[in-house]
Every structure is written in structure tokens, then in C-alpha cells.
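The values are calculated or read from the model by the stated rules, or taken from the named source; none is laboratory data. Since we're looking at a predicted model, the values are computed, not measured. Ideal geometry is used to build each Cβ from the backbone, glycine not excepted, and the neighbour counts take in all protein chains shown.
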Amino acid sequence: MIDGKKKLIQLIKGDMEFKPDVTKKVAERMILEEKVNVLWGTAGTPNVKVMNEVANKYKVIAQNTAALTDDLYEGANFTRYSFMTCWSSSQIGRAMAYYFGQIRKKEKKFYILCQDTTFGHVFAEGFKAGLKEYYPDARIVGEDYHKLFLADFAPYMTKIKASGAEVIYTGDFIPDAANLIKQARQLGVNIPIAHIYVEDPPSLTEIGVEGSNGLIQLSWYGFEGPIFKNPEFIKYYKNWNNAWKKWKAPYNTANYEHPLGSLGSYIEQTYWLLSVIERAASADPEKIIKVWEGDKYQYANGKIQYMRPCDHKTVQDLHVLEAVPPAEQKAFFNIPPYYFSKDYSAAGRGFKIPADKIMPRIDPTMERCKGAR
């Protein structure tokens, strides 16, 4: 019920072409012509910065589901109208460091290889800060930043081999992340690669079972294992999967087979938004803000999300997933067919990183956040 009436949900897609100037035009068109109540998205810190500015100008709710830079919700960038429901870069780096230093306790020499972008640098700084906090015995033996859509990773692999690194740490997104892993394996660099984005089936299939075995992924929609612990989540998964089998292109591809990983997070972030609107019983931005600030919401997989009121960043547990071959996934993927795919290695073990160990960064200059944690 919205404003006392039952209303259908309408989704309107806008292509921002991964360009801030286009993002601005699309966001304004959505608000002024399409009369949307919420801007939902999107990839790229510069694009979400523009989306938030437009939302603030027209007093429309914006939901940031995919841009991870903490700066977007700090200082002059903060706006009451935007909520960061995804994870943040400060959480990611420290979570990986916590895993290697407090859980895995094995490798000590790390090589950072990230894209030369705002996020790439912030991603690396978060990891270095996390190592100081949770793994002081670890060392960074190399650090490089490459251009986007790089075709040849061979020079970096040569440097990594020479460095004696035991782990490659990367925040690259696809296609760079997949190319990095494929070329690493082709060139004999078989050390673990810690990442967040190599989860799409086409890329993993190209990498293969052997190449993807031992990959270490930090996930924002993960599990300690087994995945299917309760009947409700099994029903949720099967309903999605059965529906997927009937969908038409482009949604009938392997990318949409499992409502898990990043896809699972995007689905659940959207459900959180809809739950907030339902409980606000209104599309009025002020009523939505009142409900969402300080809200707790449970995902279908049991994960709890908390919206920190002062800066609209989400406090949440994260999970690290270790990839194993299909034959070893049964204890984790514990319903038929007992594996994600026969074509690549995937999660076989999961470890929780507690939210209180990876609290999102707080800007001490923000008056709203005085005394917040």
C-alpha cells in the first residue's frame, strides 16, 4: 500500500553509458519526464556522485547499489536522499586482511595489482590499512596500477614472479579481472588470487576448473556453508532457478542461473528498498528517509543489513569464499546437483568476516556522525 492505494512497481531502464555527463542527463530525464520516485544504480564512483547530486537537487531518493567508494557519503558529497546499500571499499580491504591474518594464517607476501582508477587506489589502500590492523607480519612485495581494459598482463606477471609474492590482491572488474587470472595461469603464476568480481560463468568457464581452483573471493552475498540451511531459502532459490529456465534472452544465460553472489546482492538490495517503501506506506522521500535511517533488514540467506543513520552506509557481515573443483562442492552447495557448474571451480568453503571487525569508515568532520560507530 502506497499512500493508501495498491500500486504496481514500474522499472524504467536508463543507459548512462558509463559517463558522468550522460548519467546526469539520464537521471534528470528520469525524474522530470518519467516521474520516477527512486534512482537505482550504478557502476562507477563518478557516475554515482552525479546521480546523488541530481537526487539531492530534485529531492528524490537514490539507492547506490554498486559504487563502493566511501567518499561518496562523506563531507560535502553526503546527501540525505541517497543510501549506500552495497558494501564499501573501506570494508573490503580490511575484510580481506582479516581473512588472511586472522583466519587463513598462511601466506604473508602480497602483490597488489589493481586498475588505475579511484576505486583501484582506494581498494588497495584499504587492504594495506587492514594488514596493519589484522596482519602486521604480512608484507606488500609489489604494487602496480594498470589502465582499464588491458590486453597484456605479461609484464606484470614477470614482476610478480620476481617479487616472490604468495598472493595477488586485485580489485579489477570484468573483463580485466578475468584476463588477469587467465594470463597468470597461462604464464605459470599459480598462486592464490584474492578478488571480488570474478564470478560470472562465462569468464569462469574460460578460466576453467584448474585455473579457477583456489581463487579467493570476498563476497557481499556469501555463506559460511552449507548454502541451503533452511526450507525458506531453498524455496527462494528453487523458485528463482525454475523461473530462470523459462526466461528469454538475454536473461536465460548462465549469468542469471543462481540468485547468489553479486546478482543475489542486487536482488536483495532491491527488496530492501521495496520493504522500506512498503513500511513507509508512501513514496514521500521524507517518510522513506525516516524508515531507512537506522533500519535493519534480513536477506533471504539470513544476512542482516543495518543502515547507519549518520552517513547512510550499510553495516554488514561479509564472507570469503574459497574455490574448489565441482566434485568438492557438495558440502557447500548442498542440494542437487551439488555443484555450481561442471565447467569451473567455485565456492566450496566459506568464512564470515564479522561486521564489527570491518565497520564502514566514518568521516570525523561530519557533524551528523559525532559519536557514531
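The number of residues in segment 166-209 being acidic (Asp, Glu), surrounded by fewer than 22 Cβ atoms within 10 Å (Cβ to Cβ) and in contact (Cβ under 8 Å) with a residue 40 or more places away in the chain comes to 2. Scanning segment 250-285 for residues that are part of a loop (DSSP other than H, G, I, E, B) and farther than 28 Å from Ser341 by Cβ gives Ala281, Ser282, Ala283, Asp284. When the test is whether a residue is buried (at least 17 other Cβ atoms within 10 Å of the Cβ) and either basic (Lys, Arg) or outside the structural domain of Asn52 (by the TED database) (or both), Tyr135 passes it. Checking Ile61, Ile31 one by one, the residue that is under 20 Å from Ala283 (Cα atoms), surrounded by fewer than 21 Cβ atoms within 10 Å (Cβ to Cβ) and not small (Gly, Ala, Ser) is Ile31 and no other.
In this entry, Ala346 is excluded by the filter for residues that are within 22 Å of Asp3 (Cα to Cα), out of contact with any His (no Cβ under 9 Å at 6 or more places or on another chain) and at pLDDT 95 or above. Checked against (1) at positive phi; (2) in contact with a Gly (Cβ under 7 Å, 6 or more places away or on another chain), Asp3 passes all but condition (2). If you go through segment 79-88 and pick out every residue that is part of a loop (DSSP other than H, G, I, E, B) and either of a type in the set (A, V, I, L, M) or crowded, with 20+ Cβ neighbours inside 10 Å (or both), you end up with 5. Here Tyr169, Tyr256 are screened, and the one residue that is of a type in the set (Ser, Thr, Tyr), at pLDDT 95 or above and in contact with a His (Cβ under 9 Å, 6 or more places away or on another chain) is Tyr169.
The residues in segment 29-55 that are more than 30 Å from Gln115 (Cα to Cα) and either among the aliphatic types (A, V, I, L, M) or in contact with a Phe, Trp or Tyr (Cβ under 9 Å, 6 or more places away or on another chain) (or both) can be counted, and the count is 5. Taking the listed residues Phe123, Phe110, Phe127, Phe100, the one that is surrounded by 23 or more Cβ atoms within 10 Å (Cβ to Cβ), under 20 Å from Tyr145 (Cα atoms), touching an Asp or Glu at 6+ places or on another chain (Cβ under 8 Å) and of a type in the set (A, V, I, L, M, F, W, C) is Phe110, with no other qualifying.
Cβ-Cβ distances below 9 Å connect the following pairs, each with a first residue in segment 309-327 that is in contact (Cβ under 8 Å) with a residue 60 or more places away in the chain and surrounded by 19 or more Cβ atoms within 10 Å (Cβ to Cβ), a second residue that is β-branched (Val, Ile, Thr) and assigned to a strand (DSSP E or B), and a separation of six or more residues or different chains: Gln316/Ile304; Leu318/Ile353; His319/Ile353; Val320/Ile216; Val320/Ile353; Leu321/Ile216; Glu322/Ile216; Ala323/Ile216. Taken over segment 53-74, residues that are in a loop (DSSP other than H, G, I, E, B) and without any contact (Cβ under 8 Å) to a residue 60 or more places away in the chain amount to 3. Before we move on, is Ile103 aliphatic (A, V, I, L, M) and over 22 Å from Gln217 (Cβ atoms)? In short, no.
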